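S.K.: The following block contains the structure, expressed as structure tokens.
The values are calculated or read from the model by the stated rules, or taken from the named source; none is laboratory data. Note that this is a predicted model, so its numbers are computed, not measured. Positions of Cβ are generated from backbone atoms using ideal geometry, with glycine treated the same way; all protein chains shown enter the neighbour counts. Each accessible area value is taken on the protein alone, full model and side chains, heavy atoms only, with ligands, DNA and RNA left out. Shrake-Rupley method; radii C 1.70, N 1.55, O 1.52, S 1.80 Å.
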Amino acid sequence: YIGDDCAYLKEMGIVITQDSLVEGVHFSLDYITPEQLGYKSVMVNLSDIAASGAEPKYITVSLSMPACIESKFVEKLYTGMQKACRQYNPQVKIAGGDITGGDKVFISICAIGSTINRRILSRKNAKPGYKIIVSGNHGSSAAGLYLLLNGKNTPEKFIKSHLEPKAQILFGEKIAETIMQDYAMMDTSDGLMDTLSAIAYESGVSVEVDFDKIPYDKDIKQFENWQDLILYGGEDYQLIAAVPQDFE
């Protein structure tokens, strides 16, 4: 069960995942609003569901926060979570959770997805001769984080990519519902090269990368280390899949 983005509980027809966001480690309240924090905390978990090819169904939410946090903060946090859940049809439901005290804001979300009529496989299934397909641009989130950490607010689109990512549910759905052969799929939460390396290592293959074919926002070239942002910057939450050459 351990090693992929989600644990696949075949006998129950579900996948399950859990990710946590910790203040001072994964975010700072200096540059993220409660709504954005709630939204992102859901999306990072739904991205794992998307990477498994399953349909997201439910989440549970565990919160830990200092006594100085006002109730309005929690209300706005859940407003952001609901916004994320309602982006999909049918919408994802918040089914429960827990609230407790702590020294910092800590959010842990468990997400559950349905595997009905889906071909659920592992990142270990890439084969020699397969092609790599991706769902969107890379490097934008890392560029946004760089701007935030350096007190800049433009280009805003990069900042939005970092603070308000979107799980690529439809991309994962298309693959899991239509593909007949083995495939490997992951999200790019830890960066493009990390994802490719993980798929290659787990599958026992090598990956050949043509940088010019990697999709990215051309405006990222204004950053001095733009190529590193594309290759190694994380939190784009795009999907990468290794699939047979004839898959479209």
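S.K.: Would you please classify the overall shape of region 81-217 from the alpha carbon gyration tensor, given that a ≥ b ≥ c denote the square roots of the eigenvalues, rounded means a/c under 1.5, and beyond that prolate means a/b larger than b/c while oblate covers the rest?
M.R.: Values: a/c = 1.87, a/b = 1.19, b/c = 1.56.
Cα axes put region 81-217 in the oblate bin.
S.K.: Just want the answer: with Cβ charges of +1 for Lys and Arg and -1 for Asp and Glu, which residue in 71, 214, 90 is farthest toward the dipole's positive end in the chain?
M.R.: Checked the options; the winner is 90.
S.K.: Rounded to the nearest 5, what % of DSSP beta bridges with both residues in the chain are antiparallel? Working shown, then result.
M.R.: Working: 29 of 39 bridges.
So the antiparallel bridges in the chain amount to around 75 percent.
S.K.: With a cut-off of 8 Å between alpha carbons and a minimum separation of six or more residues, what is the relative contact order of region 1-148 in percent? Write out the running numbers ahead of the final one.
M.R.: On the way: 230 pairs, mean separation 49.9, N = 148.
Value for region 1-148: 34 percent.
S.K.: Keeping all protein chains in the complex and leaving out DNA, RNA and ligands, what accessible area do you get for residue 120 with a 1.4 Å probe, in Å² to the nearest 10?
M.R.: Counting only protein heavy atoms, the figure is 20 Å².
S.K.: For region 1-98, what ratio Rg/Rh do Cα atoms give with a Kirkwood hydrodynamic radius? Walk me through the numbers before you get to the answer.
M.R.: Numbers: Rg = 14.2 Å, Rh = 14.4 Å.
Dividing the radius of gyration by the Kirkwood radius yields 0.99.
S.K.: Let's test this: bin the Cα-Cα distances of region 126-166 at 10 Å from zero up to the farthest pair and state each bin's percent.
M.R.: Percent of pairs per bin, in order: 29, 37, 17, 14, 3.
S.K.: What is the local net charge at residue 183, summed over the other residues whose Cβ is closer than 10 Å to its Cβ (Lys, Arg +1; Asp, Glu -1)?
M.R.: Values: positive: 119, 123, 127; negative: 182.
Once positives and negatives cancel, what remains is +2.
S.K.: Using only Cα atoms, locate the centre of region 1-54 and the centre of region 210-248, then give the distance between them in Å, rounded to an integer.
M.R.: 21
S.K.: Another question, then. Relative to the Cα centre, what is the charge dipole magnitude of region 35-76, using +1 at the beta carbon of each Lys and Arg, -1 at the beta carbon of each Asp and Glu, and rounding to the nearest 20 debye? The partial results should precede the final answer.
M.R.: Details: 4 positive and 5 negative charges, 6 e Å.
Dipole magnitude for region 35-76 comes out near 20 debye.
S.K.: Leaving ligands, DNA and RNA out of it, work out the accessible area of residue 171 with a 1.4 Å probe and give it in Å² to the nearest 10.
M.R.: Surface accessible to solvent at residue 171 totals approximately 50 Å².
S.K.: Mind grabbing the base-10 log of I(q)/I(0) for region 206-248 at q = 0.26, 0.27, 0.30 Å⁻¹? Debye formula, identical points on the C-alpha positions, no solvent, two decimal places.
M.R.: Those come out to -1.15, -1.19, -1.31, one per q.
S.K.: Okay, next question. Out of all Cα-Cα pairs in the chain, roughly what percent, to the nearest whole number, are more than 33 Å apart?
M.R.: Values: 5741 of 30628 pairs.
When every Cα pair of the chain is considered, 19 percent fall beyond 33 Å.
S.K.: If you don't mind, there's one more thing I want to ask. Taking loop as defined by DSSP and a crowding limit of 14 other beta carbons within 10 Å, which trypsin sites (Lys or Arg not before Pro) in region 91-169 fit? Could the numbers behind the result be given before it?
M.R.: Numbers: sites: 93, 104, 118, 119, 123, 124, 131, 152, 157, 160, 166; in loops: 104, 118, 119, 152, 166.
Counting only loop positions with at most 14 other Cβ atoms within 10 Å, the trypsin sites (Lys or Arg not before Pro) in region 91-169 are 104, 152.
S.K.: To make sure I understand the rule: partners must be lysines, Cα under 27 Å from the Cα of residue 124, and not fewer than 8 residues away in the same chain. Which ones qualify?
M.R.: Correct list for residue 124: 10, 57, 166, 174, 213.
S.K.: Please work out the Cα convex hull volume for region 79-127 and give it in Å³ per residue. Each step should come with its number before you reach the end.
M.R.: Numbers: hull volume 7.9 nm³, N = 49.
Dividing the Cα hull volume of region 79-127 by its residues yields 161 Å³.
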